[in-house]
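**Student:** Sharing a structure below in structure tokens format, with a few things to ask.
Read the figures in this text as sums done on the coordinates, not as results from a lab. Keep in mind that what you see is a predicted model, and the values were worked out from it rather than measured. Neighbour counts are summed over all protein chains in view; Cβ atoms, including those assigned to glycine, are modelled from backbone coordinates with ideal geometry.
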Amino acid sequence: MTYEVCIATMASHTALQILKAAKKAGFRTTAIATPRVESFYRRFSFIDKLIPTQPDEIDKLAPQLVEENTVFVPHGSFVEYCGPRKAESFEVPFFGTRGLIAVEAFQESKMQLLREAGIPTPEEYESAETAKPPVIVKFGGAKGGRGYFIASDRKTLLERLANAPKNVIIQQYLVGVPAYIHYFASPLENRVELFGADIRYESNIDGRVLGFAEPSFTVVGNRPLVLRESLLPLLTEYGEAFANAVERKLGQRMIGPFCLEAIIDEEMKVRVFEFSGRIVAGTNVYMGVGSPYSVLYFDRPMDMGERIALEIKKAVERNALEMVTT
Amino acid sequence: MTYEVCIATMASHTALQILKAAKKAGFRTTAIATPRVESFYRRFSFIDKLIPTQPDEIDKLAPQLVEENTVFVPHGSFVEYCGPRKAESFEVPFFGTRGLIAVEAFQESKMQLLREAGIPTPEEYESAETAKPPVIVKFGGAKGGRGYFIASDRKTLLERLANAPKNVIIQQYLVGVPAYIHYFASPLENRVELFGADIRYESNIDGRVLGFAEPSFTVVGNRPLVLRESLLPLLTEYGEAFANAVERKLGQRMIGPFCLEAIIDEEMKVRVFEFSGRIVAGTNVYMGVGSPYSVLYFDRPMDMGERIALEIKKAVERNALEMVTT
Amino acid sequence: MTYEVCIATMASHTALQILKAAKKAGFRTTAIATPRVESFYRRFSFIDKLIPTQPDEIDKLAPQLVEENTVFVPHGSFVEYCGPRKAESFEVPFFGTRGLIAVEAFQESKMQLLREAGIPTPEEYESAETAKPPVIVKFGGAKGGRGYFIASDRKTLLERLANAPKNVIIQQYLVGVPAYIHYFASPLENRVELFGADIRYESNIDGRVLGFAEPSFTVVGNRPLVLRESLLPLLTEYGEAFANAVERKLGQRMIGPFCLEAIIDEEMKVRVFEFSGRIVAGTNVYMGVGSPYSVLYFDRPMDMGERIALEIKKAVERNALEMVTT
């Protein structure tokens, strides 16, 4: 069965997962690609149409996409390439909560949303002077962790901040293990599904540095993870609390994938230091094979791309696309 | 096809994996849940019945469960919550080797069983005075590694033992990589299957501690692993040797899942420092998707929950439930 | 459907994956096993025939295998056990590029091939005197990393080389994260497929050494990995460049699985420090379940064994076995 609706995304990040699943579910598929990667994406037969473009000209594609009855799935690279303003105003129906892009553009509003959800977060410091090291210093946007640095004492912090951009966030450095928790908010099922988890693979912190370099945090990949079952009730509560806080704050329902990025310490305390209001690259670890948690809700394992396609498919069948798009 | 038999377990640890698979195989399913997690487990349609209870009152449920023709799958959290005595005397047929609970309750009998099986183990020291550091100091029970500590020299060992409970185990600290090897002992197939492997994800040792804290070993999750194929013959022998030793010692057959917890050193030498006589949480990494090794025995990948359900199903069909329960 | 062709390999490394998939695809299967592992491999019903042999007598089996219409799948352990000369001259049709065995036998020709493909590699130093530490020192052959060492300064390098074999390679020690990229070169589809990735699990560098030993690099297992989608175009180019370089250099097409072994640094720069001209053990992480990238080319996830079986099956059906064998 094929659907009149076309599912599109930008050719990067999780595009392969999204479009493969969309095609399998019976949709037409479109990838919007920069010239540099065009030839790569042309290899894959599950991509029906490839539109080459420059990220700063993507808004010009909106009329065409709308005419082709497109649902656009935004992801982190789309937001990063276009910039949050252009991304948010891209006039094609989004599968997702459009208003979150603006929230995520500023570290302040982002952390504020987590706090409003009642989710524990690391302490934040307004300046190097008030910071209690160790701290981690971050830069705005979704740049995949590049350039982040850790300062173990105030002197180092001051020195490194001198060479850093102005718009930095100084956070308490949480000691524990990182876990990226994938959720799917389903307006049609009226629930938040705990869908999977991953650990990032970061250069050079996850390599064999052996003291030859300072730790750095460039995300180059992702690895699968399951969490202790005794953590899942709490993590589910946090996912639901997040979705509720989004709806309260934005007046828009939480739609589709999101991710809470947590440190779990030796007392099993979970603190969320960041979130993504849409699909994260870590869901790629389950591409085509499916995530362990997906079978809690469905009769077969599913990846996040398949989950998205399923929600859109059901929405189309119920003539309720407006419930899952913004 | 549905079966008259009901599969039950306590709602934690690997309950989702076990009950999902049981339902899929055609069984009725029951989860025994503490009030704190009740609402979480109520979300899942594959759990037919949820019985709220306090762990210390679980024994009162036995008559009801027996009447409902229940096979109970014990796991580590069940033993931990109820305590080994109450767990062992829970009067519902167990899928598993009941007698192992008592063996595992004492570190001495536990390590003794491994040695009787001829499986290499780390050296153990009777006191801080005779210990040869580095050593790892452990506490009784299945607390998920919390509180374990490592001492690199005698002075540290003595200092930390001063503040520790009396019932500690001082083991040689093995240098190498950990591997948790999952087995399934099938009375019906009369074989021990090497089923999978995982690596624990422990806070804070697996995180980005960067010298800001002492290493600690609280298990917060698990990650998939495959081992070199050249290790599998030896690991299979160890699994079989373990099952044989159990039968010799207890006069009960080894039934169902168990786990050997090993350190593999740079010479590929495998030493087992602990075991679990039942399903381990690490099998969750393959939930719904199946483990790589499961296809060695079956035509499709299977998780440990599915393997359990399959064995019980075959036992029911052959009218031989007594072969797989104690 | 069954095929007249038999698929054989040596019983180690990835034999279980290869033979399981071959059987599933309808082929007869043969394992050539050393006496030590014979009883292990006899457990598996997907192995039709097991031929016990000593590695140094494997050449005597050639006539029998040829008579039984065998396609032999060579892997690293086969080459290691027999030695490169005996391996290359084994007179049974290989699924793979026979000429690569000789190239891989010498570190010089191996790195040369990568450079001819235009793939970035670490610097190599001809002697301890010209080396710029930190360096990693390697030994010839496919010994799984055992004995490799790292020297952080010239003094250490000189000291450790004094006790090392003559035939060593001194490479720039790259700071970053390792990634083993699996490819499949399909003569029938006329393409190179990016098939998967893994991270090795090495004792004791990936364990909890805590300063109690020098780092060492004995491979004991493998773990799954996905890479950032933005890296995939480049990695695909490298895979194709490698296959092209093989064809130019050897006049033989690249056939079947190969692996580029890379370090990815914090600038996302990829450098390949080694390759394998055939299936790597890391593909076992996807055994029976399938790799995330395999669904980019096929409608269902597939492991590398299944991919091999599929290519041979198609070749048989098209009466074109000579296209995929050497």
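**Student:** With +1 on the Cβ of every Lys and Arg and -1 on the Cβ of every Asp and Glu, and nothing else charged, how large is the dipole of the stretch A:1-93 about its Cα centre, in debye rounded to the nearest 20?
**Tutor:** Working: 11 positive and 11 negative charges, 95 e Å.
With only Lys, Arg, Asp and Glu charged at Cβ, the dipole is about 460 debye.
**Student:** Under the rule a/c < 1.5 gives rounded, and otherwise a/b versus b/c splits prolate from oblate, where does the protein assembly as shown land using the Cα gyration tensor?
**Tutor:** Judged from the Cα gyration tensor, the protein assembly as shown comes out rounded (a/c under 1.5).
**Student:** Still on this structure, I have one more. Compute a Gaussian network model of chain B, connecting alpha carbons closer than 10 Å, and tell me which residue from B:Ser186, B:Ser39, B:Ser276 fluctuates the most.
**Tutor:** Most flexible of the set in this elastic network: B:Ser39.
**Student:** Once you have a ≥ b ≥ c as the square roots of the Cα gyration tensor eigenvalues for the stretch A:4-94, tell me rounded if a/c is under 1.5, and otherwise prolate or oblate according to whether a/b is larger than b/c.
**Tutor:** Working: a/c = 1.61, a/b = 1.22, b/c = 1.31.
Oblate is the answer for the stretch A:4-94, as a/c is 1.5 or above yet b/c matches or exceeds a/b.
**Student:** Compute the long axis of helix A:107-116 from its Cα atoms, compare it with the longest principal axis of the Cα atoms of chain A, and write down the angle in degrees, 0 to 90, nearest 10.
**Tutor:** Approximately 80 degrees, to the nearest 10.
**Student:** Ok, one more. Please give the charge dipole size of the protein assembly as shown, origin at the Cα centre, charges +1 on K and R Cβ atoms and -1 on D and E Cβ atoms. Round to the nearest 20 debye.
**Tutor:** 420
**Student:** So, with +1 on the Cβ of K and R and -1 on the Cβ of D and E, and no other charges, what is the size of the charge dipole of the stretch A:73-116 about its Cα centre, to the nearest 20 debye? All intermediate terms of the calculation are to be shown ahead of the outcome.
**Tutor:** Values: 5 positive and 6 negative charges, 2 e Å.
About 0 debye.
**Student:** Using a label position 7 Å from Cα in the Cα→Cβ direction, what is the ascending list of nm distances from B:Ser89 to the same site in the other copies?
**Tutor:** 7.4, 7.5
**Student:** Next up: Please report the relative contact order for chain C, taking Cα pairs under 8 Å with a sequence separation of at least 6, and give it as a percent rounded to a whole number.
**Tutor:** 19
**Student:** Could you tell me which GluC sites (Glu not before Pro) in the stretch B:189-287 are loop residues by DSSP with no more than 11 other beta carbons within 10 angstrom of their beta carbon?
**Tutor:** B:Glu267
**Student:** Next question, about the same structure. Taking a label point 7 Å from Cα toward Cβ, how far is B:Lys269 from its twins in the other copies, in nm, shortest first?
**Tutor:** 4.1, 4.1
**Student:** Can you list the copy-to-copy distances for C:Glu129, using a point 7 angstrom from Cα toward Cβ, in nanometres, shortest first?
**Tutor:** 5.9, 5.9
**Student:** Positive end of the charge dipole of the protein assembly as shown (Lys, Arg +1 and Asp, Glu -1 on Cβ, about the Cα centre): tell me which of C:Thr326, C:Val270, A:Leu188 has its Cα farthest that way.
**Tutor:** Going by the charge dipole, the pick is A:Leu188.
**Student:** To make sure I understand the rule: partners must be lysines, Cα under 20 Å from the Cα of C:Lys249, and not fewer than 8 residues away in the same chain. Which ones qualify?
**Tutor:** C:Lys110
**Student:** Dividing the Cα radius of gyration by the Kirkwood radius, what Rg/Rh value follows for chain B?
**Tutor:** 0.96
**Student:** I've got another one for you. Among A:Leu19, A:Val66, A:Ser45, pick out the residue whose Cα is farthest towards the positive end of the charge dipole of the stretch A:1-93, where Lys and Arg carry +1 and Asp and Glu carry -1 on C-beta, about the Cα centre.
**Tutor:** Positive-most Cα among the choices belongs to A:Ser45.
**Student:** To continue, here is another question. Determine the relative contact order of the stretch A:45-204: mean sequence separation of Cα pairs under 8 Å and six or more apart, normalised by residue count, in whole percent.
**Tutor:** It rounds to 16 percent for the stretch A:45-204.
**Student:** Further question on the same structure: How about the stretch A:221-304: which chymotrypsin sites (Phe, Trp or Tyr not before Pro) there lie in a loop by DSSP and see at most 16 other Cβ atoms within 10 Å?
**Tutor:** Those satisfying the criteria are A:Phe298.
**Student:** Taking 0.36 nm per residue of separation and subtracting the Cα-Cα distance, what length does fully extending C:Met323 through C:Phe212 add?
**Tutor:** Details: separation 111, 0.36 × 111 = 39.96 nm, distance 5.24 nm.
Stretched fully, the C:Met323-C:Phe212 segment lengthens by 34.7 nm.
**Student:** Using alpha carbons only, how many degrees (0 to 90, rounded to 10) separate the axis of helix B:15-24 from the longest principal axis of chain B?
**Tutor:** It works out to around 30 degrees.
**Student:** Further question on the same structure: If I fit a long axis through the Cα atoms of helix A:232-250 and take the longest principal axis of the Cα atoms of chain A, what angle between them do I get, 0 to 90°, rounded to 10?
**Tutor:** With both axes taken from Cα atoms, the answer is about 70 degrees.
**Student:** Could you pull out every one of the lysines with an alpha carbon less than 18 Å from that of C:Lys86, ignoring same-chain neighbours closer than 8 positions?
**Tutor:** Within reach: C:Lys60, C:Lys143.
**Student:** May I ask for the distance between the Cα centers of the stretch A:294-326 and the stretch A:181-244, given as a whole number of Å?
**Tutor:** Result: 21 Å between the Cα centres.
**Student:** In straight Cα distance, which aspartates and glutamates are under 13 Å from A:Lys166, not counting same-chain residues fewer than 8 positions off?
**Tutor:** Partners within reach: A:Glu126.
**Student:** Considering only DSSP states other than H, G, I, E and B, which GluC sites (Glu not before Pro) in the stretch C:1-60 qualify as loop sites with at most 11 other Cβ atoms within 10 Å?
**Tutor:** C:Glu4
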